[in-house]
Each structure stands twice: as structure tokens, then as C-alpha cells.
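Please read the structure below before turning to the comments.
The values are calculated or read from the model by the stated rules, or taken from the named source; none is laboratory data. Fair warning: this is a prediction, and the values are worked out from it, not measured in the lab. Here the Cβ is made from the backbone with ideal geometry for all residues, glycine too, and neighbour counts use every protein chain on show.
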């Protein structure tokens with residue numbers, strides 16, 4: 001079965017954040033405004049951009065990736081997964097990083113946080129909820145338990161004064177369309 005070409009960037013990184021593999025969209029996203037085909041040393045450029053753009057420097061004690069970033073005028077979501085083999089972690093960590101462009105009018109975490117008093121993790125949970133993910137899928141993406149996801153969603157519901165998951169989406173959708 002042939003797969004459709006993707007505009008999503010993909011990176012496979014070792015524990016020291018060196019590029020083991022990448023696709024062309026990842027290079028295009030991270031080297032913007034330069035043209036990817038003109039880059040003489042793509043692995044060197046990617047290594048630099050990973051460290052300056054994708055690493056969340058607020059967490060100095062560990063390698064933490066940002067949840068979203070901007071390249072030119074486009075916003076991207078950065079989803080990171082620690083790769084395991086048959087359920088066991090590799091001796092040295094390996095990370096798969098997916099870079100996906102967000103739709104225009106997408107969720108602005110800082111605005112959401114300010115408007116409803118949500119924490120960064122609550123905003124992240126809401127973002128995944130709006131993508132249609134289940135609690136279990138959200139838990140996997142955030143590397144937490146499904147019960148913790150449910151607790152975040154209950155706190156969000158209280159703060160937004162709604163009683164359902166769809167109420168969260170409705171409140172945000174209504175907020176986006178308001179002047």
C-alpha cells in the first residue's frame with residue numbers, strides 16, 4: 001500500500017540529540033527561510049536548530065522538548081516519543097520527533113492559559129482533546145497515566161465552568177469566534 005507524501009517533519013535522535021534520521025519536510029521546516037536543497041551540511045544545521053528551537057530551555061535538568069514553535073509565520077506542534085524496543089527502553093535514549101503544522105486559528109496556549117487560568121499541562125491536555133484524542137492517547141503523548149489526564153480534564157472543566165469534554169471544545173470554539 002502506497003502512502004501519501006506527508007508535510008510532517010520527522011526526526012530520529014539519539015540521547016545526545018544527534019540526528020540519526022530525518023525526512024525532507026523536517027529539514028524544510030527547521031531551515032526556513034533557507035531553501036533545503038541549498039543546505040550544504042544538513043545534519044549540522046539540524047543539530048543546531050534542534051538545540052535552539054526544539055529544546056525547552058526552561059527545563060535545564062533534563063532534555064525536554066517544546067510543545068509548539070514557530071518557523072517563519074507558520075506554527076508547528078512538536079510531538080516527541082521515546083523509542084523502545086519490545087517494550088524495553090534502549091540503553092541510550094532514542095527520540096522520535098514529529099513536527100506538524102497547526103491549522104490557522106489553532107489553539108494559542110498562552111491565550112487559553114490567561115483566559116481560563118490553565119496551567120501549561122492543562123493547556124497541553126486541552127490541545128490533544130481538541131485533536132480528538134482519547135484519554136489513553138493523550139496519556140501516551142504526555143507520558144502520564146490516563147487517570148492523570150482525566151484529573152487535568154476535570155480541573156479544566158471546573159475552571160471553564162463546563163461539565164463535559166465537549167463543553168471544553170465548545171467554550172474554546174466560542175472563545176475563538178468572539179471578537
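What residue, among those in region 107-119 that are in a helix (DSSP H, G or I) and free of Cβ contacts under 8 Å to residues at least 12 places away in the same chain, is surrounded by the most Cβ atoms within 10 Å (Cβ to Cβ)? Explain how you work it out, then say what you get.
Looking only at region 107-119, we keep the residues that are in a helix (DSSP H, G or I), and these are 109-116.
Now narrow it down to the ones that are free of Cβ contacts under 8 Å to residues at least 12 places away in the same chain: 110-111, 113-114.
Details: 110: 9, 111: 13, 113: 15, 114: 10.
Ranking the candidates gives 113 first.
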If you scan region 85-98, which residues turn out to be farther than 17 Å from residue 18 by Cβ and at pLDDT 75 or above? 98
How many of the residues in region 124-139 are surrounded by 15 or more Cβ atoms within 10 Å (Cβ to Cβ), at pLDDT 90 or above and more than 12 Å from the chain's Cα centre (by Cα)? 3
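Can you pull out the residues in region 42-57 that are in a loop (DSSP other than H, G, I, E, B) and either modelled with pLDDT of 85 or more or touching a strand residue (DSSP E or B) at 6+ places or on another chain (Cβ under 8 Å) (or both)?
56, the sole residue that qualifies.
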Exactly one condition in (1) under 17 Å from the mean Cα position of the chain (by Cα); (2) assigned to a loop (DSSP other than H, G, I, E, B); (3) at pLDDT 80 or above is not met by residue 70; state its number. (2)
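When region 150-170 is examined, which residues are found to be within 18 Å of residue 113 (Cβ to Cβ) and in a helix (DSSP H, G or I)?
If the condition is that a residue be within 18 Å of residue 113 (Cβ to Cβ) and in a helix (DSSP H, G or I), then 151, 152, 153, 154, 155, 156, 157, 158, 159, 160, 168, 169 are the ones that fit.
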Residues that are free of Cβ contacts under 8 Å to residues at least 12 places away in the same chain and under 22 Å from residue 20 (Cβ atoms), drawn from region 38-76: 40, 41, 44, 48, 52, 56, 62, 64
